[in-house]
Amino acid sequence: MEIRFVLNGKETQVSTAPDRRVVDLLREDLGLTGTKEGCGSGECGACAVLVNGESRLSCLMLAAQLDGKALTTIEGAPEDGRLQALQEAFVRCGAVQCGFCSPGMIIAAADLLGARPDTGREAIREGLSGNLCRCTGYAKIVDAVQAAFEKLQGGPTP
Amino acid sequence: MSQDIPRIGRPFVRPDAASKAAGAEKYAADHYGEGLLWAGAKRAGVAHGRIRAVDIGAAAALPGVVAVLTGRDVPGTNRQGIVHKDQPVLCDDVVRHCGDPVALVLAEDRLVLRKALDLIRLGIEPLPGVFGIDEALLPDAPLVHEGSPNGNILLQAALRKGDAEAALRSSPVVVEGIFEVPFISHAFLETENGVAWQEADGRLVLVVSTQAPFRDRWEIGHALGIPMDRIRIIGPYLGGGFGGKDGATVQCLLALAALHAGGRPVKMWWPREESFLAGYKRHAARMHYRIGASENGELQALDCRLSYDTGAYAHLGGEVMALGMEHASGPYRIPHTRIEGVCVYTNNPIGGAMRGFGVAQVSFAVERMMDRMAARLGIDPLALRRKNALEQGDTNGCCVRLTQSTGIRACLETLQKHPLWRGREAWKAAAGPFKKRGVGMAALWNAMGYGRGLPDSAIAKVELTREGAIRVYNGVSDMGQGNTSALFQIAGEILRQPETRIEGVQPDTERTYPSGSAAAGRTTYTYGNALIQACEELRRRILGWAALMLFADTLDDLELLPERVRYAKAKKEVSLRDIAAMMRDEARVCISQFIMPVAADAPDTGKEFVIGFPHLLFSHAAHLALVEVDELTGAVEVKRYLAATEAGRVLNPQTFEQQVEGAVAQGIGYALSEAVRLEKGRILTPDFATYIIPGALDVPEIVSIAVEAPEATGPFGLKGVGEVGMNGPLPAIANAVSDACGIEPNHAPLTGEKVLALIQGKGAASHAE
Ligand code: FES
Ligand code: FES
C-alpha cells in the first residue's frame, strides 16, 4: 500500500505492507535507526516517536496508521526546538549513559513539555513513567527535562 | 565537542552523549546491511530432556528459508563456556534448560523466520529435572550433566581463618539467620544481538553487542573450529550490559549462521522474551550465617554456608561463588572465619556475571546480620559497623592483608555526619496515617579486577594521526559505563589536546589490542593505566621529533600545547600536523601493556579456586535508605537514599555519579520487585509486564557523596566504581523495613505481599528465621 506522511518535516511516500510495524519501517526501510526497540510490546518506551506532536509507541503502530500524519523521530531534532533543547540538556546534565533509552526518553519528554508544562520533579517523573531506563536511576533525566524547560521558557539555566 | 582540554578531576561531558541523544550512534542493533538475512534459534521449551528427533522438514521447505541447522551442522567442538566448555552452541543430545537452542534458522525476513521456527517439531523425551539447591544435592538427584563425577556440584570450596567454631562457642552473643535471593535479569534495553558475514576470502566478521570482543573470537574459534585469525569482532557502544553480555550470547550462533549465508550478512536480535528465556541471570542463592561478638561489639567469628544455583551450565558460576565467599565477611575485621560454598547445577536458566558479581548476594546476608547483632547488643548499627570496619593494614575475612586504599571507615563517617542520618528520628516520627517509616544502612565493599590466576591485563594503543590529532584505540567495551570519557580525559591530561582533537576507536579485534572484558570494575583502571604509559611515551616522541624540527637541545625546553609544540626560548612553534608528517607511520603509534597487581602472598586457604581469588583492590561504600511502608498493603517506598562511595580518586564527577545512581536504581529493583519466577524451570516472568524493573517513580532522589582516597596503583588514583553501589540497596532497604515494622525480611525481593505477610504474622514462631 502507498502511504503518504510528513517525516521529520518532509513529504514522504512509501510503499509497504499496511501491517508493517512503524518501528521496522523507520529502522529497516528508511534507515532511521535512532528509534530503538527494547521490548516490542509497549512496555519500555524506547521506540517512541511523535505523531502529530504526540508521543506514540512505534512498535505498536502499523504503517497504515501513518497515512496523512506528521511523524517526527529523534533524527528530526534540528527542526524542532523542543527536541534540540532536550538533547542538549540530556548531554549536559549527564542523562545519557548507554543511551539506548535516550531517544525514546527525549521524545516522551518533548510530548510532556508540549502537553503539560508542569516542571515539578514528580510531574516529570510521572510523565516519563512509561519509559524504562536501566542505567541512570532517572535523576539526571529529570534534571535534563527541567533544564530544557527552563531554557525554552527563557528562564535560568542551571 | 568542546575546545576545552579534557582534564582529570574536572567535570567533563562524555564524548558519546551527543551522538546517542541525537539517535546517530550506531549500536550493534543498528547494523543491517545489503541482502540481510535473519537468524533465530529454536529453543527447547523443556527444562531437561533427551533429543530423540528434530524434524526440520516443513521449516526447510518454507519459501524464504535459506537454511535450517542442528547440532550435527556445528563444525567444531560445539561447546562454549568461559572457564568450563560445557555449553552447546546447538544441543546435540540433551537439553538442560528451557532456553537451550536446538536448531538455527536463516530466513529472508523476520516473518518467515518466525513461521519456520514454529514449524520445527522437537521430539524431546523429558528427563526428571532438578530445580533448586536442595533438590540438586539429594543423593539420588537426577544429574544435569550425565556422568559428572561430582554429581550436580560445579564447585565446592571452603575458606578458613583461625578457629571459627571455638570462637563462636566462646562468643557471648551469637546471631543466626538464613537469607535467600532469586535469579534476577540484567534487563538491559538493547537485547542480545549482532550481525555477521563472511568476507570473500572466507573470513568471518561480527558486529556484536558484547562485553568481551577478544574472548568472543576465542569462543567462536573453539566451538566452530575456526582459527582465531579468521574471525574479526567489532564491538560498538552497547545499549547496556551489566555482565549479561560477558560470555557468548548470539556470537557462536551468528558465526555458524554466517557460514551458511553465502556471504550475505545475517542478523540475530533476541526479542525481549528470548532475552529473558535464554540470557544469563544473576545466581539465585541461599546463605546461612552465624556471627559471634563480644559484649562490647567486637566481632569474633563468622560461620557461613553459601549455596549458589548456577542453572544448567557452569558459565562463571564457580567464579561468582568465589567472589561471594571472598566478600562473605563484609568489610569487617573478624579474627575467625569459616566460609563454605557450594555451587550447583540445576535445570534452571544459566547464572552468570552481573554487576556486583556474587557480592550483591552476600552483602544482603552480612548486612542484615550486622543489624541483628546491633539490636541484640543494644548498640547503634552504625557504631557497630564503625567499630569493626577494616582499615588499611588489616587482614580481611579470607586472610588477605589490605595493603591498598581502604576507605570504608571514611564512608561510614561521612554517612554519620549527614543530615539524613542525624535527622532520622524526626523523619521517622513524621510518618502519616497507616504508614510506618524506617531507616536502614549497609556497609559495602567490592573487589576490582579478575583476581589471582587470570592476569588482568590491558594493552593500550594511542596514535598521533597524520592530521595531528590524537586517536585512542580502546580495547575494552563501553556498555554505557563511560570508560571512553575517562580515556579522553587521560589523553587530554597527558597530551594537552582539546576534545575536538581527540578521537576514540571502539573495540575491534583488528584495530585495537586485547584488553580484557568490560567487567569486574576493571575497565578504566587497567586500560587507563596502560593508556597513561602509552600517552607518556607518545608525548616524549612528539617532543623528540619537535626538538629535531625546532633545533632544541633538550626536551625540557619544549611545551606540548593544543595542536602544536612551542620552543619558548627561541620563540618558535611547530604544528602537530607537521610533526606527524615527519614521522614514519610506526613512530606515530605507541602501545603499552599494564597488568593489575595481585596480593603479594596468597592466603593459605581457598585452594579450590584456580582463578579469580583472592583480590587486592577494593572499592567501598556506605548506604542509607529511608523507607515508608504502607501498613495496609505492605508496599515499600524508598523516599530518600544516600550513598557515600570510596573508589579511589574521582576522574569525572559526572560519570562517577552516573555509576552510583544507576547502581542504586538497579539495587532498588533487586530489593523490591525483581525476581525471575520459575516453575519447574519455566520462566513465568517473560516480559516487562511481569518482570518489574524500577521506573521513574520508583527511584527516589539519590544523594551521592564521593569519599576520595587516592589509590597508589590506580590511573590518577582511580579505582572502579561500577559495582559496589549495586550491593547496597537490598540490605539497606531490608534493614529499613525491619526498622519500620519490627519484622525480619530475609527473602528478596521485598514485595508488598511478602512484607504484609510478615507484618501480619509478626510474633508467630513460624517465621522466626
Ligand atoms: S519497543 Fe516499543 S515500547 Fe518497548
Ligand atoms: S541510559 Fe541505558 S537504558 Fe537509559
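Rule-based calculations on the coordinates, nothing more; no lab input. Since the structure is predicted, the reported quantities are computational estimates derived from the model, not experimental observations. Neighbour counts are summed over all protein chains in view; Cβ atoms, including those assigned to glycine, are modelled from backbone coordinates with ideal geometry.
Residue B:113 fulfils the conditions (1) surrounded by 20 or more Cβ atoms within 10 Å (Cβ to Cβ); (2) away from chain A (no Cβ under 14 Å); (3) over 30 Å from residue B:478 (Cα atoms) except for a single criterion, (2). Among the residues of the range A:22-38, those that are more than 10 Å from chain B (Cβ to nearest Cβ) and either crowded, with 20+ Cβ neighbours inside 10 Å or within 16 Å of ligand 1 (Cβ to nearest atom) (or both) comprise A:22, A:23, A:25, A:26. Annotation note: of B:449, B:475, the sole residue that is in contact (Cβ under 8 Å) with a residue 12 or more places away in the chain, at positive phi and surrounded by 23 or more Cβ atoms within 10 Å (Cβ to Cβ) is B:449. Residue B:313 meets the conditions (1) more than 18 Å from the chain's Cα centre (by Cα); (2) assigned to a strand (DSSP E or B) in every case but one. The failed one is (2). Restricting attention to the range B:197-221 and to residues that are in contact with a strand residue (DSSP E or B) (Cβ under 7 Å, 6 or more places away or on another chain) and farther than 14 Å from residue B:508 by Cα, the residue that is surrounded by the fewest Cβ atoms within 10 Å (Cβ to Cβ) turns out to be B:199. Residues of the range B:253-276 that are in contact with a His (Cβ under 9 Å, 6 or more places away or on another chain) and of a type in the set (A, V, I, L, M, F, W, C): B:266 alone. Residues that are more than 11 Å from every other protein chain (Cβ to nearest Cβ) and within 16 Å of ligand 1 (Cβ to nearest atom) number at least 3 in the following strands (runs of 3 or more DSSP E) confined to the range A:39-158: A:48-51, A:54-57. Residue A:68 meets each of the listed conditions (1) under 30 Å from residue B:667 (Cβ atoms); (2) away from ligand 2 (no atom under 16 Å from the Cβ) apart from (1). Considering each residue of the range B:373-388 in turn, none proves to be among the aliphatic types (A, V, I, L, M) and closer than 28 Å to residue B:600 by Cα. Here the strands (runs of 3 or more DSSP E) wholly within the range B:1-110 that include at least 1 residues being within 14 Å of chain A (Cβ to nearest Cβ) are B:37-43. Scoring residue A:4 on the criteria (1) within 11 Å of chain B (Cβ to nearest Cβ); (2) not in a helix (DSSP H, G or I) leaves a single failure, condition (1). Exactly one residue out of B:696, B:663 is within 12 Å of chain A (Cβ to nearest Cβ) and closer than 24 Å to residue B:179 by Cβ: that is B:663.
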